[in-house]
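Some notes on the structure that comes next.
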Amino acid sequence: MAANIKEIVNRIAALNNRYRDLSTPIRAKLEALWEIGDILIQLGVTKPHMVGWAVQKETQGLIKRPTIFRSHKVRTIWNTKESLIRDLGELKSLSNLTEILPLIDPVQEVRNKLSQQQLTEIYKHACYDSPVKFKGYIKALKQQYAHDRLGRPLNRDKHLEELGEVTDGLRTLITYLNNIISDPEPSMRQQFRNDTSEIEIRSFSNMCISLTTKDNLRLYKNIGPAESLSNNKVIRYLYDYFYSILNRTGDKERARLRRIISAEVLAQLSDMISSLLTENGVKDFRARQKIAIKL
């Protein structure tokens, strides 16, 4: 992400106010949504979900995460504001836009199966159908093109399966950290410090301990960047994932992680990461491990 969160907030605040204002006509809301998305793309935003959580936290909920994601998606689908208004200018409810996004999103498989005529029909139904008629129409369409999650019942166990990449990453990272901590030579540890900035190391350590229990969320300090710049791919992936779930209002995603990763593992990882900031820290960590083994 090229721009920082404060810059994004400053650029889109007025547009968000227009979008959220109950007196703003639907067409004007669509225009504001497109303009927010255009600014996000100008500023180099490529991970709208992650940026959305950061913006929501920065503004204490005045700018919502879904607004960031939807505006970015709208701008991705419609290259010009005029084309958006041409297709959906007669929209009566923004919820209809939300319903059709999975079908018209270019990155989704179903989009490649739809002809221009079918797209036109979708836009027509979204603009002119009654709520009941549109709900039935869109449900049937999603079932017709069902794939992955689109049009299918929610598989709650799938969320746990998706955490496989996280557990693999943690396993790889812990093995790597154990190796460099036990190495008598400091060169690999120095490379670790060179790959990841001190503020990211401290932030990642804090995130690990904050995820150990539901109550420990209060320990989260949010001191690091919204997106990792580490040269270590595993740390970068885990940092971004931890950051995203720690900045969510609900506990659902964090609870799923706690079902898979024990508090002891996360606490140990937090200790290892923070200890690697200095050679003295490494010596202290080794001493603590010897005491633990004796006990």
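The values are calculated or read from the model by the stated rules, or taken from the named source; none is laboratory data. Quantities reported herein were computed from a predicted structural model and do not represent experimental measurements. As a convention, Cβ positions derive from the backbone with ideal geometry for all residues, glycine included, and neighbour counts pool all protein chains shown.
Can you confirm whether region 9-28 contains a residue that is in contact (Cβ under 8 Å) with a residue 60 or more places away in the chain and touching a Ser or Thr at 6+ places or on another chain (Cβ under 8 Å)? The answer is yes, given that some residue of region 9-28 is in contact (Cβ under 8 Å) with a residue 60 or more places away in the chain and touching a Ser or Thr at 6+ places or on another chain (Cβ under 8 Å). For region 197-236, the set of residues classified as of a type in the set (F, W, Y) and either over 19 Å from M50 (Cα atoms) or surrounded by 19 or more Cβ atoms within 10 Å (Cβ to Cβ) (or both) consists of F204 only.
Against the test of being modelled with pLDDT of 90 or more and within 27 Å of I5 (Cα to Cα), the options R189, R258, R218 yield a single qualifying residue, R218. Can you find a residue that is more than 22 Å from V45 (Cα to Cα), buried (at least 19 other Cβ atoms within 10 Å of the Cβ) and aromatic (F, W, Y) anywhere in region 171-179? No, region 171-179 contains no residue that is more than 22 Å from V45 (Cα to Cα), buried (at least 19 other Cβ atoms within 10 Å of the Cβ) and aromatic (F, W, Y). Residues that are free of Cβ contacts under 8 Å to residues at least 60 places away in the same chain and touching a strand residue (DSSP E or B) at 6+ places or on another chain (Cβ under 9 Å): does region 89-102 have at least one? Taking every residue of region 89-102 in turn, at least one turns out to be free of Cβ contacts under 8 Å to residues at least 60 places away in the same chain and touching a strand residue (DSSP E or B) at 6+ places or on another chain (Cβ under 9 Å).
Looking only at residues of region 166-193 that are within 26 Å of the chain's Cα centre (by Cα) and without any contact (Cβ under 8 Å) to a residue 24 or more places away in the chain, we find that the one that is farthest from E253 (Cα to Cα) is R171. Put simply, of I26, I68 the only residue that is in contact with a helix residue (DSSP H, G or I) (Cβ under 6 Å, 6 or more places away or on another chain) and modelled with pLDDT of 90 or more is I68. For region 25-68, the set of residues classified as among the hydroxyl-bearing types (S, T, Y) and over 12 Å from L15 (Cα atoms) consists of T46, T59, listed by residue number. Filtering region 228-247 to residues that are part of a loop (DSSP other than H, G, I, E, B) and either outside the structural domain of L269 (by TED's automatic domain parsing) or touching a helix residue (DSSP H, G or I) at 6+ places or on another chain (Cβ under 6 Å) (or both) leaves S228, S230, N231, N232, N247. For the condition modelled with pLDDT of 95 or more and of a type in the set (G, A, S), A32 qualifies. With respect to L22, is the statement that it is crowded, with 20+ Cβ neighbours inside 10 Å, over 22 Å from the mean Cα position of the chain (by Cα) and not assigned by TED's automatic domain parsing to the domain that holds K135 true? No; evaluated as a whole, the condition is false for this residue.
Looking only at region 39-71, which residues are surrounded by fewer than 16 Cβ atoms within 10 Å (Cβ to Cβ), among the β-branched types (V, I, T) and in a helix (DSSP H, G or I)? Scanning region 39-71 gives a single hit, I41. The number of residues in region 248-265 that are in a helix (DSSP H, G or I), of a type outside the set (G, A, S) and either exposed (fewer than 12 other Cβ atoms within 10 Å of the Cβ) or outside the structural domain of D168 (by TED's automatic domain parsing) (or both) comes to 3.
Selection of region 99-144 for residues being hydroxyl-bearing (S, T, Y) and either closer than 19 Å to L30 by Cβ or in the same structural domain as I85 (by TED's automatic domain parsing) (or both) yields T120, Y123, Y128.
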